[in-house]
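Structure first, commentary second.
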Amino acid sequence: MRKVLIYAGTTEGRELAQRLAEKGIFSIVCVATEYGAQVMQDTAVREEIDVRQGRLSVTEMKDLLLAEALFAVVDATHPYATEVTKNIRQSMEGSSVPYFRLERNLEEETDLTKDCIYFDSASACAKRLCCMEGTVLLTTGSKELDAFCQREELRSRLVVRVLPGRESMELCWKNGLEGKQIIAMQGPFTKEMNLATIRQYGITCMVTKESGKVGGVDEKLEAAKEAGITCCVIRRPIPEADQTYSFLETCEAIEKLALKEGGEEGEKAFLDVVLAGIGMGTREQRTIALEQRLAETDYLFGAKRMLEGLSAKKNVYPYYLEKDIVPCLNDVREKENGKQNVTILFSGDVGFYSGAAKLCAALEKMDAIRLRFLPGTSTISALAAKFGESWQDAMILSTHGVEQNQWKAELLFAMRRGRKLFFLTSGPEDVREIGAFCVERGFDEHYDLKLGYQLSYAEERCFTPTAKEAMEITEPGLYAGFMVPRKSTCAGTDAGQPCAAFGQITPGFSDEAFLREKVPMTKEEVREISICKLRITEDAVAYDVGSGTGSIAMEMAALSPRIQVYAIECNPEAVELIRRNREKFGAYQVRVIEAMAPEGMEGLPAPTHVFIGGSRGNLREILEAIYQKNPHARVVMNAISLESIAKMQELVREFPVEDLEITNVSVSKAKQVGAYHLMQAANPVMIFSFTFQKAE
């Protein structure tokens, strides 16, 4: 999609972007300052306007010109920003993209302007002010402050009115102005406000620029005349010889180019494409906005069942996949001229488990296309309404096309935390699996199941089976449901409160919870510290090297179902224990690698976080393999023996690391002996934690 690039810095720049957006023309608006971005904020809520902040060099302007698909460039910067205009023109040398300099209109001389003193530059004006007495109100902004502040005699008599932005304030301070001399306000300013400022500060002379009506000059001159003070005006720089355009001339020229881009004057059509959600299926679910869109649609796409009873001005296609739709749209662009309205239908809402996202990515690569979205009623909102449930507090998962281990990990994560859960399924087999999962894990005692079947269709049914009853469902069709935590299901909980057995969000399974036998295991308190030192993230790829019983792997997996965990262990007895613990804790996303490290890492995705609990003497090789896979990985290593500690100290000096911490942990736990409790110490553990730093 080709766009207009607008260098803004004036009211006209903002209004131009707004007007073009209303015509469906997309623009990139460049503003220099944070304040400029704030001014654009209300306008920038439109999808057609992309606001970018920051001062650009000539090289950066050239890069922007090459990086974006542009059909015009508009210089709508301030009339006095001559250096910026010069840079824009220089950046466009050799470019075939049309350039427009939007020039602010000046008014004829009036009674207000004929008595003003005019100057060709700020420095000339400042020189004259040095010969005058009294307090000067400077309304020329912050850019020319340097010219007026060079001499102390004049600087001490200034009151300056500038924009309330960080850059403006810094320029004031840089030029030696005190707080009492600064008025930081955003216009427009009425005659009364200007007059009040003149009287409040005892102003004897006002300085302004020749900025025209839009710049608020008339209100300044009226106030100066009524107050009987002198008004100095800095003339606008004379533009270069090439043509300038008024606001209306610029709008008309851009709109004409846009029509040409869209095909009305060219060889190919401009496609106005809307991806629309039709709701749950029946006509009653369609929005008024969708009905209006369908009435003006030239080409209509969607699954066959969605198109029943619908028509378009030209053609209807039973397509909903990218591979079918994109070639068809290319054919439309080749054979048609002018604007063509295209509507593509999706079930439910386009933003909720919809194929619209994938199709959108493909359509955005096409030229001469405008892409928009119309929302529809989603399954989750429809089902929530059926049961009178809120859904803003629900976790959401889909079993459709998702590996069972993945969605079970998400289901377990939500239910362990006592969260409400909404789910979409592929059919009755998934409902049976969910029911069996709840029974096996004991969640059927703490959760209510609410199901919707064939929502919006004639056979629609909403019911609340138990988890055991859900295990018997066989009727084919579309199912969706809620898992809602019950209140006060545990003894000792207050009324209205969920069971305290669920909801834990910290690491810290007890040692007794793990199946261990004779395999070594990182103890509870050391596990917790080690995992915290890992600084693990929600989308982490984590290795547990020398996994033993898998206690670290299970703890990491319990933090988020999105964490990929690889437990690497070469001892067959330990490998079997890891698999049993994985089943016990429901750590479905843990993948067990039965191999010696680092050989077992081959073929695995690059890790973001690595815990090393055992190395079998291969610590150097393991660290080298990790570094090769990801030279920014976070690593935590534990050691008990003095020899292992010495080896780790040696290696952290050899490898490029940052954030190195070495922590000694000594844990003692009370053990009951008869009527007494005695503290029993465990072996002290040394924890090395660091982040690899890629060497230059």
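The values are calculated or read from the model by the stated rules, or taken from the named source; none is laboratory data. Bear in mind the structure is a predicted one, so any value in this text is a computation, not a measurement. Cβ coordinates were reconstructed from backbone atoms using ideal geometry, including for glycine residues, and neighbour counts include every protein chain displayed.
Cβ-Cβ distance below 8 Å, separation of 6 or more or different chains: which pairs start in region 372-389 with a residue that is of a type in the set (S, T, N, Q) and end on one that is part of a helix (DSSP H, G or I) and at pLDDT below 95? Between residues of region 372-389 that are of a type in the set (S, T, N, Q) and residues that are part of a helix (DSSP H, G or I) and at pLDDT below 95, the close pairs are T377/Q285. Considering only residues of region 622-649 that are without any contact (Cβ under 8 Å) to a residue 40 or more places away in the chain, within 15 Å of F692 (Cβ to Cβ) and not polar (S, T, N, Q), which is surrounded by the most Cβ atoms within 10 Å (Cβ to Cβ)? Residue satisfying both the conditions and the ranking: L623.
Note on region 386-404: residues that are in a helix (DSSP H, G or I) and in contact with a helix residue (DSSP H, G or I) (Cβ under 8 Å, 6 or more places away or on another chain) total 1. Being at pLDDT 85 or above, aliphatic (A, V, I, L, M) and touching a Pro at 6+ places or on another chain (Cβ under 7 Å): is that true of A72 here? So A72 fits the description; yes. Checked against (1) within 21 Å of A303 (Cβ to Cβ); (2) under 25 Å from the mean Cα position of the chain (by Cα), T343 meets all criteria but (2). Of the helices (runs of 4 or more DSSP H) lying entirely inside region 1-96, those containing at least 2 residues that are in contact with a Cys (Cβ under 9 Å, 6 or more places away or on another chain) and in contact (Cβ under 8 Å) with a residue 24 or more places away in the chain span 11-22, 58-67. Can you pull out every residue in region 663-696 that is in a loop (DSSP other than H, G, I, E, B) and of a type outside the set (V, I, T)? Selection gives S666, G674, A675, A682, N683, P684, Q693, K694, A695, E696. Criterion applied to L177, L137, L171, L154 was being assigned to a loop (DSSP other than H, G, I, E, B) and not hydroxyl-bearing (S, T, Y), and the one residue passing it is L177. The single condition among (1) touching a residue at least 24 places away in the same chain (Cβ under 8 Å); (2) farther than 18 Å from C116 by Cβ; (3) among the aliphatic types (A, V, I, L, M); (4) buried (at least 17 other Cβ atoms within 10 Å of the Cβ) that I182 does not satisfy is (1). Within region 84-141, the set of residues being basic (K, R), surrounded by 14 or more Cβ atoms within 10 Å (Cβ to Cβ) and modelled with pLDDT under 85 comprises R104 only.
Let's see how each residue does on (1) among the hydroxyl-bearing types (S, T, Y); (2) in contact with a His (Cβ under 8 Å, 6 or more places away or on another chain); (3) over 25 Å from K143 (Cβ atoms); (4) at pLDDT 80 or above:
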{"residue": "R2", "(1), (2), (3), (4)": "no, no, yes, no"}
{"residue": "E15", "(1), (2), (3), (4)": "no, no, no, yes"}
{"residue": "Q38", "(1), (2), (3), (4)": "no, no, no, no"}
{"residue": "R52", "(1), (2), (3), (4)": "no, no, no, yes"}
{"residue": "Y80", "(1), (2), (3), (4)": "yes, no, no, no"}
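Got at least one residue in region 413-420 being at pLDDT 90 or above, in contact with a helix residue (DSSP H, G or I) (Cβ under 6 Å, 6 or more places away or on another chain) and surrounded by 17 or more Cβ atoms within 10 Å (Cβ to Cβ)? Within region 413-420 (the criterion being at pLDDT 90 or above, in contact with a helix residue (DSSP H, G or I) (Cβ under 6 Å, 6 or more places away or on another chain) and surrounded by 17 or more Cβ atoms within 10 Å (Cβ to Cβ)), the answer is no, since none of the residues qualifies.
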